[in-house]
Amino acid sequence: MQEYFEIGQIVNTSGLKGIVKVNPFTDDVSRFEEIKKVFIEKNKELTEYEIEEVRFHKNQVLIKFKNIDSIEEAEKFRNCYIKISRKDARKLPEDTYFIVDLIDTNVYLENNEYVGKIIDVFSTGSNDVYVIKREENTDLLIPAIKDVVKKVDIKNKKMIINLIKGL
């Protein structure tokens, strides 16, 4: 399992005092207010930074990191990803999964017939949709609802589904 989760990408600076603009990757941006330390990935290396201040502007998060005090220092992090350790991630409710854990999961019908692998997950508002790459056919889109998704085994990367009529 992946040890670190990407929670956002630094896309720009804001002002002259080292604040960065972040496009968040989380469903709940208020989560940034709870986080004290993060890792910034630069040149495939992770470095830990302490968060000094968090603000929100439109659909972005403005973050001031401790000891990053100028626009020049902040500019060095443009396009870098912000990550947290899996152990620092929020505990998910039952039957809820991190998208990163679902990617590359093998999907089978209830009769154990192989369907394909999950290659993407997107939200429709009412529920998520899993994109399943099939070997010969076009991709299959299935809703992440209990009538369709019967069992998920994250540890073994296996999902059992029931293809209801109309899918």
Top-ranked residue in the range 83-104 [being under 28 Å from GLU135 (Cβ atoms) and among the hydrophobic types (A, V, I, L, M, F, W, C); ranked as surrounded by the most Cβ atoms within 10 Å (Cβ to Cβ)]
LEU102
For the range 105-128: of the residues being surrounded by fewer than 16 Cβ atoms within 10 Å (Cβ to Cβ) and β-branched (Val, Ile, Thr), which is nearest to MET159 (Cα to Cα)?
ILE119
Just one of ASN112, ASN67, ASN59 is within 24 Å of GLU33 (Cβ to Cβ) and over 23 Å from the mean Cα position of the chain (by Cα); which is it?
ASN67
Selection count, the range 112-142, where residues are under 22 Å from THR26 (Cβ atoms) and not in a loop (DSSP other than H, G, I, E, B):
10
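Residue by residue, here is whether (1) loosely packed, with under 14 Cβ neighbours inside 10 Å; (2) at positive phi; (3) touching a residue at least 40 places away in the same chain (Cβ under 8 Å) holds:
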{"site": "TYR4", "(1), (2), (3)": "no, no, yes"}
{"site": "GLY18", "(1), (2), (3)": "no, yes, yes"}
{"site": "ARG31", "(1), (2), (3)": "no, no, yes"}
{"site": "VAL38", "(1), (2), (3)": "no, no, yes"}
{"site": "ASN43", "(1), (2), (3)": "yes, yes, no"}
Can you find a residue in the range 147-154 that is assigned to a loop (DSSP other than H, G, I, E, B), more than 21 Å from the chain's Cα centre (by Cα) and more than 17 Å from ASP27 (Cα to Cα)?
yes
Has the range 16-29 got any residue that is among the acidic types (Asp, Glu), assigned to a loop (DSSP other than H, G, I, E, B) and at pLDDT below 95?
yes
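The values are calculated or read from the model by the stated rules, or taken from the named source; none is laboratory data. Being a predicted model, the structure only gives us computed values, none of them experimental. Cβ sites come from the backbone with ideal geometry, for glycine too, and all protein chains shown count toward neighbours.
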